[in-house]
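The structure appears right after this line, and notes come after that.
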Amino acid sequence: MSFSLIAAIGKNNELGKRGGLCFNIPGDLKFFKETTMGYPIFMGFNTWKSLPKKLPGREHFVLTYEPKDLPEDINAVTDFKKFVEENLNSKQKIFVIGGGSVYQQMLPFCDELFLTEVQASDSEADTFFPVLDKSEWDRKIIGKGQDNGLDYVHVLYTRK
Ligand SMILES: NC(=O)c1ccc[n+]([C@@H]2O[C@H](COP(=O)([O-])OP(=O)(O)OC[C@H]3O[C@@H](n4cnc5c(N)ncnc54)[C@H](OP(=O)(O)O)[C@@H]3O)[C@@H](O)[C@H]2O)c1
């Protein structure tokens, strides 16, 4: 296994709006940090832009057609196919952390998905997680919580 994916989604697969997140859930940010800590993380340029700063303890790979304005310690990835081929069978797990376009392109190459399923919707969302074919995945609830009045469950999907 080399690619794992992590995302927080609403009832209608909402991921983001206006370049940011739909839901403010500190407990989920903690889960994200604990789950991804120590692993390389792979993201699209828009998601990189949305981060307040480089996330400590994780090597960053940022997908962009044209590397620009990236700090020296961030790895730019311009050739998606080459990146996937080079890492698909590696022993090192890489976390795919978004956003919508990168989840869409990477889903076929991921063996496990950590999805935080938020029991809320956001009519202003403009970015969505792809619809999963549930017959392809085993679903296991691995945690749950409530934050800012939002109920959520952490779900681990493993490819059958
Ligand atoms: N809920 C969650 O868990 C979660 C997680 C992450 C992000 N988000 C949200 O998702 C939204 C961002 O998602 P997004 O879909 O707009 O953007 P994104 O996937 O983060 O980044 C898109 C950018 O990645 C680059 N890119 C994509 N495919 C490429 C390819 N095949 N080759 C080279 N470069 C490629 C392009 O960058 P260039 O334009 O630089 O070429 C493209 O504009 C934000 O609202 C963010 O807050 C939510």
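All of the numbers you see were taken from the coordinates with simple rules; none came from a lab. These figures come from a predicted structure and were not determined experimentally. Methodologically, a virtual Cβ is constructed for each residue, glycine included, from the backbone with ideal geometry; neighbour enumeration extends over all protein chains shown.
Remarks
- Counting other Cβ atoms within 10 Å as a rough exposure proxy, the listed residues 112, 34 run 34, 112 from fewest neighbours to most.
- Relative exposure of 90, 123, judged by other C-beta atoms within 10 Å (fewest first): 123, 90
- Considering only region 7-159, percent of DSSP beta bridges that pair antiparallel, nearest 5: 65 percent
- Partners of residue 140 within straight-line reach, counting lysines whose Cα lies under 19 Å from its Cα and excluding those fewer than 8 residues away in the same chain: 11, 160.
- Full extension of the segment from residue 12 to residue 80, taken as 0.36 nm per residue of separation minus the current Cα-Cα distance, would add 21.7 nm.
- The HN-Hα couplings worked out from phi for region 76-85 by the Karplus form 6.51 cos²θ - 1.76 cosθ + 1.60 (θ = phi - 60°) are 7, 10, 10, 10, 4, 4, 5, 4, 5, 4 Hz, whole numbers, x standing for Gly and Pro.
- Residues whose amide H comes within less than 5 Å of that of residue 76, counting only those at least five positions distant or on another chain, are 62 (H built at 1.01 Å from N in the peptide plane).
- The order of 78, 36, 64, going from fewest to most other C-beta atoms within 10 Å of their C-beta, is 78, 64, 36.
- Rounded to the nearest whole Hz, the Karplus-based 3J(HN,Hα) values (6.51 cos²θ - 1.76 cosθ + 1.60, θ = phi - 60°) of region 124-141 follow the sequence 8, 4, 10, 9, 10, 7, x, 6, 7, 7, 5, 6, 8, 10, 8, 10, 9, 7, with x at glycine and proline.
- q = 0.12, 0.17, 0.26 Å⁻¹, region 1-90: log10 I(q)/I(0) [Debye, one scatterer per Cα]: -0.42, -0.85, -1.51
- Length-normalised contact order of the chain in % [C-alpha pairs under 8 Å, at least 6 apart]: 36 percent
- Gap separating the Cα centres of region 12-41 and region 108-143, nearest whole Å: 12 Å
- Rg in Å to one decimal, and Dmax rounded to a whole Å, for region 17-160 via C-alpha atoms: 15.4, 43
- Note on residue 105 and residue 148: their simple-model spin labels are 2.9 nm apart, each label 7 Å out from Cα toward Cβ.
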